[in-house]
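Structure record follows, encoded as structure tokens.
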Amino acid sequence: MAEYLSQTYENATIPLEGSQYVRCTFKNCAFTYQGRAPVLVERCQFDDDCTLSLLDQAGNAVETVTQLNPLRLRKALRRLAQKPLS
């Protein structure tokens with residue numbers, strides 16, 4: 001897993017696949033995640049202009065969960081956001 005410590009990224013596209021970001025700062029960044037490898041994001045700061053695109057397997061997983069139970073999706077995503085991805 002590639003490890004990035006205390007880096008600052010601005011106006012960048014950040015592929016999350018197989019990466020570990022610790023104490024990094026992200027300003028106006030576009031994150032992409034395909035769901036093919038684990039990710040760890042720990043103690044990082046994000047501004048309001050960052051975005052996340054879920055592609056391929058990750059996008060398919062979110063679409064499937066939404067179709068299975070759309071009323072509980074928001075609650076599940078909140079719980080997921082509170083845990084590091086591993």
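The values are calculated or read from the model by the stated rules, or taken from the named source; none is laboratory data. Note that the structure is a prediction, hence the values are computed from the model and not measured. All Cβ positions, glycine included, derive from the backbone under ideal geometry; neighbour counts span all protein chains shown.
Structural remarks
- Checked against (1) within 14 Å of the chain's Cα centre (by Cα); (2) farther than 21 Å from S6 by Cβ; (3) modelled with pLDDT under 85, L85 passes all but a single condition, namely (2).
- Hits in region 47-62 - residues which are assigned to a strand (DSSP E or B) and either touching a Leu at 6+ places or on another chain (Cβ under 9 Å) or loosely packed, with under 15 Cβ neighbours inside 10 Å (or both): T51, L52, S53
- Residue count for region 8-29, restricted to those that are surrounded by 13 or more Cβ atoms within 10 Å (Cβ to Cβ), more than 13 Å from D49 (Cβ to Cβ) and among the charged types (D, E, K, R): 1.
- Failed condition for A37, given (1) more than 22 Å from E63 (Cα to Cα); (2) outside any strand (DSSP E or B); (3) hydrophobic (A, V, I, L, M, F, W, C): (1)
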